[in-house]
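What follows is a set of notes on a single structure, which appears directly below.
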Amino acid sequence: MSSSLHDSPLHDSPLRYSPLHDSPLHDSLQVQSCFSFGGDEDFLKNDIRVKPGLDGLGALGDAGWYAIRATLLANNFELPNTVTAFPGAVLNEAGVILSCGASLTWEDGRTATIYCSFLANLTMEITAIGTNGTLRVHDFIIPFQETQASFTTSTKAWFNELVTAWVNPPSEHTIKTELPQEACMVREFARLVGEIKNKGAKPDGFWPSISRKTQLVVDAVKESVDKNYEQISLSGR
């Protein structure tokens, strides 16, 4: 997993707004996000992501970053009020997190859960649940196919009269891609540099802003793990 992908947009800049913010999903939003992959023996022993002096946040700083960023995207990049790690985080002998989960809460009642692991089967799922709709993406980091990505939505779903099937079941939507997301990331970076170099524009504050917010939540999860799974407040951070 390339760390550069932590800030890669799927297209030029779809992260600048939450696609859920003005949808039926936004009201009473609950998000579940997961990224896991099973590292082999060599990975778990020698990779820089399991070394405290190299990438000491382990699975949280790698896989967890994606799950947290996606959760913030679904919540219009609003920081949660509190972050609480779930009991049972797995650490290696050096104290680096190999697997953990956490809950996030917002003042208006929105909630989220994230899970990240180097010890579980390859999974990259996000589900957003609102009052009148549900969105699911099964490959939100690396698509199953490089040339397209799919997601499912369900709006005002219910049971049929005999409660033997669904009314308004989920429907799948597929987006074709002209370029892989890595190429889009480089193109967007070049555009930002070009705006500064050729037009005298000021540096775009969007990307450092959402990176900082993501890192604040990552650090809060780590703090909660270190403090025996205490609830951590992000107020004023």
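The values are calculated or read from the model by the stated rules, or taken from the named source; none is laboratory data. Only a predicted model underlies this, so the values are computations on that prediction, with no experimental measurement involved. Ideal geometry is used to build each Cβ from the backbone, glycine not excepted, and the neighbour counts take in all protein chains shown. What goes into the accessible areas is simple: the full protein's heavy atoms, side chains included, and nothing from ligands, DNA or RNA. Shrake-Rupley method; radii C 1.70, N 1.55, O 1.52, S 1.80 Å.
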Output the residue which, of all residues in the range 34-65 that are in a helix (DSSP H, G or I) and of a type in the set (Asp, Glu), is most open to solvent (accessible area, probe 1.4 Å). Glu41
Using beta carbons and a limit of 7 Å, which pairs, at least six apart or on different chains, have the first residue in the range 171-182 and within 14 Å of Val137 (Cβ to Cβ) and the second one open to solvent by 70 Å² or more (accessible area, probe 1.4 Å) and not in a strand (DSSP E or B)? Gln181/Leu10
Counting only residues that are open to solvent by 70 Å² or more (accessible area, probe 1.4 Å), more than 22 Å from Cys184 (Cα to Cα) and free of Cβ contacts under 8 Å to residues at least 60 places away in the same chain, the range 113-160 contains a total of 3
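Conditions tested, residue by residue: (1) within 29 Å of Thr123 (Cβ to Cβ); (2) at pLDDT 90 or above.
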residue: Phe144; (1), (2): yes, yes
residue: Ala149; (1), (2): yes, no
residue: Phe159; (1), (2): yes, yes
residue: Val167; (1), (2): no, yes
residue: Leu179; (1), (2): yes, no
residue: Arg191; (1), (2): no, yes
residue: Lys197; (1), (2): no, yes
Of the conditions (1) out of contact with any Asp or Glu (no Cβ under 6 Å at 6 or more places or on another chain); (2) under 21 Å from Leu73 (Cβ atoms); (3) open to solvent by less than 90 Å² (accessible area, probe 1.4 Å), Arg237 fails just one. Which one is it? (3)
Check whether at least one residue in the range 66-85 is at pLDDT 95 or above and open to solvent by 60 Å² or more (accessible area, probe 1.4 Å), and report yes or no. yes
Tell me the residue from Ser209, Ser224 that is of a type in the set (Gly, Ala, Ser) and either assigned to a loop (DSSP other than H, G, I, E, B) or over 22 Å from Phe140 (Cβ atoms) (or both), please. Ser224
